Amino acid sequence: MKKLTAALFALLVLISASPVSANSYIAPTSCPQFSVNLYMGARDAAMGGQVSQLQQFLNQRYGNQLVTGYFGVMTAANVSRLQQELGIARVGGVGPLTRAAIAKLCSTSGTPTPTAGSLSAYPSSGTAPLAVNFTATVPDTNQYIIDFGDGANSGPIGAGVVAHTYQNPGTYTANLSRYISCLYATPVHCMIAVMPIASATVTVAAPQTQTNTLQVTSPAAGQIYTRGSQMNISWSGLVRETFAYEPHASIVDLYTAAGTKVGTIAITNDLKGSYDWHIPGFPQTMMCTMQYPNALCGTNVQGQYYIQVTAVVGNGFGTNETVIGTAQSGVFGVQ
């Protein structure tokens with residue numbers, strides 16, 4: 001008896017792993033005529049052949065139901081599946097509500113409620129790490145989950161947008177799946193099924209490896225500034241997509257025309273941007289850059305200089321940050 005029970009539950013697991021063919025509605029041609037309720041253990045001999053009628057109906061709908069005239073584990077699993085699709089309590093037996101729902105399915109005017117679901121991804125391709133918004137449409141907000149294809153999932157979802165970031169290159173198939181909590185329950189067993197009903201494919205490319213190219217667009221070469229005036233420092237360039245997901249900064253340094261570093265004017269959290277630097281005014285002839293990290297002060301403000309911008313992965317204050325681009329302005333004068 002124990003071996004038979006184990007075999008029946010193994011068969012139930014096999015059934016529950018099969019896709020639900022009722023995602024698209026097919027009008028039934030085999031319609032049972034019920035006059036009694038049907039539950040586990042019912043037989044045709046005592047039920048006027050109605051168990052076989054039920055099984056014919058279920059087989060047409062799912063294609064996996066044996067017509068034996070005996071209401072067993074397989075029949076209970078398919079009845080529970082049908083009840084899930086029609087929004088009826090999943091009891092695994094055919095009572096008044098299920099009988100009425102089947103009669104409606106068989107009527108010419110009745111329109112069943114399909115178990116529909118859709119999933120789309122945007123963008124569907126890009127460079128790692130790639131942030132993707134998945135748009136899911138489902139009828140039941142408690143019974144659906146997205147498996148993103150990289151070992152992560154969304155947890156129960158409703159209709160709407162679910163965001164996910166793919167960290168590694170590859171092609172991933174995200175599955176929108178429906179959970180049925182109990183296909184068939186006994187005092188000690190509750191079989192759970194996961195049924196994929198929609199999918200979306202995302203292609204993630206490897207990050208680019210080239211160094212970013214920066215350009216300092218201001219100050220311009222040969223420009224003369226007067227002490228006390230304001231100088232705009234601007235820079236631009238190609239910013240790799242990957243760095244949008246990492247800490248990054250631009251370090252703006254002042255150098256003499258001969259290549260001696262005077263100090264750091266600014267550190268910003270943009271890989272391209274602009275900074276307005278106020279040049280110390282007359283009669284002051286000495287200038288100080290920002291004190292950290294260089295702590296340099298006391299350089300004669302008059303002379304020839306250039307600006308160097310260094311883009312890094314990090315906050316700009318570290319000592320082991322990755323340089324991803326560097327650029328210099330033309331030489332300008334301060335008088």
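The values are calculated or read from the model by the stated rules, or taken from the named source; none is laboratory data. Please read these numbers as outputs of a predicted model, since none were measured by experiment. In this analysis, Cβ positions are derived from the backbone assuming ideal geometry, glycine residues included, and neighbour counts consider all displayed protein chains.
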Among the residues of the range 224-271, which ones are loosely packed, with under 14 Cβ neighbours inside 10 Å and modelled with pLDDT of 90 or more? I224, N232, A257, A258, G259
Can you find, within the range 295-318, the residue that is modelled with the lowest pLDDT among those that are more than 16 Å from T268 (Cα to Cα) and in a loop (DSSP other than H, G, I, E, B)? A295
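Select from the range 120-151 the residues that are among the small types (G, A, S) and farther than 17 Å from T203 by Cβ and list them in ascending order.
A136, G151, listed by residue number.
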Can you go through A22, A76 and tell me which one is surrounded by 15 or more Cβ atoms within 10 Å (Cβ to Cβ), modelled with pLDDT of 90 or more and closer than 23 Å to K104 by Cβ? A76
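Is at least one residue of the range 199-211 more than 30 Å from the chain's Cα centre (by Cα) and either modelled with pLDDT under 90 or not small (G, A, S) (or both)?
no
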Filter the range 26-75 for residues that are touching a residue at least 60 places away in the same chain (Cβ under 8 Å) and either outside any loop (DSSP other than H, G, I, E, B) or not assigned by TED's automatic domain parsing to the domain that holds G95 (or both); which is nearest to I102 (Cα to Cα)? M74
The residue from R61, R43 that alone is basic (K, R) and more than 45 Å from the chain's Cα centre (by Cα) is R43
Any pair with Cβ under 7 angstrom, 6 or more apart, that starts in the range 245-264 at a residue that is over 19 Å from V323 (Cβ atoms) and assigned by TED's automatic domain parsing to the domain that holds Y305 and ends at one that is modelled with pLDDT of 80 or more and aliphatic (A, V, I, L, M): T256/V262; A257/V331; V262/L254
Does A131 satisfy the criteria of being at pLDDT 90 or above and touching a helix residue (DSSP H, G or I) at 6+ places or on another chain (Cβ under 6 Å)? no
